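Below is one structure; the comments refer to it alone.
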Amino acid sequence: MTDSTLSQPLYGATFGQAVQRFFSKYAVFSGRASRSEFWWAWLFFVLLNAAFGIVFAIVMAATGTPTASGAVQITAPGVVVLVLWGVVLLGAIIPEIALTVRRLHDANFSGWMYLLHLIPYLGGLIVLILNLLPSNPQGARFDR
């Protein structure tokens, strides 16, 4: 992909295209992202988290030691899975914020609207609703 194709939103993006663009535009806060780019990338991370959860559950079932209270004590392999999972989550923070800012731009909202997440309970819901809105041609003002 050339820089010129990455600077514009890709409407009707496929799952693979959206994930590729997510990683190609890792920390790009300018420009726009289409709804398909946004939601396919989110699906990728939901599936990735589910996979880590399943692997962790399998590892704990195979190696976990039950305690007297009935809880399972975490073992070294479980810690390895948790650390890898944490690294992936930490590595996804910046690109997730960048993607959301670009999605807000495509709906013609300022990227600063992302800070609504700081409002407990309601903020995340408001940003979710803004991300559901269709593209607005006036959002082109946020292109480079």
Any residue in the stretch 47-59 that is in contact with a Ser or Thr (Cβ under 9 Å, 6 or more places away or on another chain) and over 30 Å from Phe142 (Cβ atoms)? yes
Looking only at residues that are free of Cβ contacts under 8 Å to residues at least 60 places away in the same chain and in contact with a Ser or Thr (Cβ under 9 Å, 6 or more places away or on another chain) in the stretch 97-112, which one is farthest from Gln138 (Cα to Cα)? Leu104
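For every residue, the table says whether it meets (1) β-branched (Val, Ile, Thr); (2) under 23 Å from Trp85 (Cβ atoms); (3) out of contact with any helix residue (DSSP H, G or I) (no Cβ under 6 Å at 6 or more places or on another chain); (4) surrounded by 19 or more Cβ atoms within 10 Å (Cβ to Cβ).
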| site | (1), (2), (3), (4) |
| --- | --- |
| Gln8 | no, no, yes, no |
| Tyr26 | no, yes, no, no |
| Arg35 | no, no, yes, yes |
| Leu43 | no, yes, yes, no |
| Leu48 | no, yes, yes, no |
Checking the conditions here, which among Gly139, Gly78, Gly70 is in contact with a His (Cβ under 6 Å, 6 or more places away or on another chain) and either part of a helix (DSSP H, G or I) or exposed (fewer than 11 other Cβ atoms within 10 Å of the Cβ) (or both)? Gly139
Conditions (1) more than 30 Å from Pro137 (Cα to Cα); (2) at pLDDT 95 or above; (3) not hydroxyl-bearing (Ser, Thr, Tyr): number failed by Gly78: (2)
Quick one: Trp42 ticks every box in (1) assigned to a helix (DSSP H, G or I); (2) farther than 17 Å from Ile94 by Cβ; (3) not acidic (Asp, Glu) except a single one, so which number is it? (2)
On the given criteria, is Val101 modelled with pLDDT of 95 or more and surrounded by fewer than 11 Cβ atoms within 10 Å (Cβ to Cβ)? no
Right, Arg144: closer than 30 Å to Gly31 by Cβ, basic (Lys, Arg), in a helix (DSSP H, G or I) and touching a residue at least 60 places away in the same chain (Cβ under 8 Å) or not? no
Condition check: closer than 30 Å to Met60 by Cα and out of contact with any strand residue (DSSP E or B) (no Cβ under 9 Å at 6 or more places or on another chain). Does Leu118 satisfy that? no
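The values are calculated or read from the model by the stated rules, or taken from the named source; none is laboratory data. Nothing here was measured: the structure is a model prediction, and the numbers come from that model. Glycine gets a Cβ as well: all are built from the backbone with ideal geometry, and neighbour counts include every protein chain shown.
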